[in-house]
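Just so you know, all these numbers are worked out from the coordinates, no wet-lab data involved. Everything numeric here is computed off the predicted structure, so don't read it as measured data. Here the Cβ positions follow ideal geometry from the backbone for every residue, glycine too, while neighbour counts run over all protein chains shown.
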């Protein structure tokens, strides 16, 4: 009874920012349970490498070059993918960036706008366009990737743009979940800790940051992409069928202090 709740055979999952890191690990987890995978990213080389990495483990994936900051492109992608087979059942809205430590008073307009455009606007465009099709069919599961930085203000780095974008993703998730709950579409989010990915790993060698991060983390370690992928699988599957609007803290205990 319980094992079958995780089965995804016959479903199609779209993963934005799926070429590496959390996105690629999440795609692997979904593929292992039978989902057809579409990796989306705006770096063609990374897309090819991500597809090859999945193939090396025995999983096939389609790839799609997609800039999530362009709503017209997102709309076309959603329309085209939903015109194939039975449509898209799962969306993992994972694409996001973080920029270097910058004091708020010195924040360049361009940096603020770029982070908000990818981390918030891009997530919304994807939820809106893929969500339309899910609502029309009366079913679907969306998982957004937020951050513990949407719950607390990290130290010692100064990243008001990143923190604000992830807090907004959490509340956007709750808002859409409330609107769509009675129409068969679930929307949940994950708030990870520092994860060993290309985006976060440069900080692991920073003597001014990493010791502070670990001192603030009850488990005294960073997370692995596969640990977040397991939560993605849970939220995407029927195993979490009673959950919507949740923000799952996968943060090694960071936010309990």
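Can you give the angle from 0 to 90° between the axis of helix 21-32 and the longest principal axis of the chain, with both taken from C-alpha atoms, to the nearest 10?
Between the helix axis and the principal axis of the chain, the angle is about 30 degrees.
Where both partners of a DSSP beta bridge lie in region 1-128, what percent of those bridges are antiparallel, to the nearest 5?
About 0 percent, rounded to the nearest 5.
What does the helix-only formula give at 222 nm for the chain: each DSSP H stretch with n ≥ 4 adding -39500 (n - 2.57), the total divided by the residues, and the result rounded to the nearest 500 deg cm²/dmol?
Using -39500 (n - 2.57) per qualifying helix, the result is -12000 deg cm²/dmol.
(1) 43, 40, 37; (2) 70, 36, 33; (3) 51, 39, 38: which one is Cα extents along the principal axes in Å as calculated from this entry?
Read-out from the structure maps to (3).
Which peptide among 19-32, 129-142, 183-196, 82-95 comes first, and what is the full order, when sorted by highest mean count of other Cβ atoms within 10 Å?
Top of the packing list down: 19-32, 183-196, 82-95, 129-142.
Say R0 is 30 Å: what FRET efficiency, to the nearest 0.05, do residue 215 and residue 175 get from their beta-carbon distance?
0.30
So what's the angle, to the nearest 10 degrees on a 0 to 90 scale, between helix 122-137 and the longest Cα principal axis of the chain?
Relative to the chain, helix 122-137 is tipped by roughly 20 degrees.
Compute the angle between helix 160-180 and the longest alpha-carbon principal axis of the chain, please, reported from 0 to 90 degrees and rounded to the nearest 10.
So the helix axis and the longest Cα principal axis differ by about 30 degrees.
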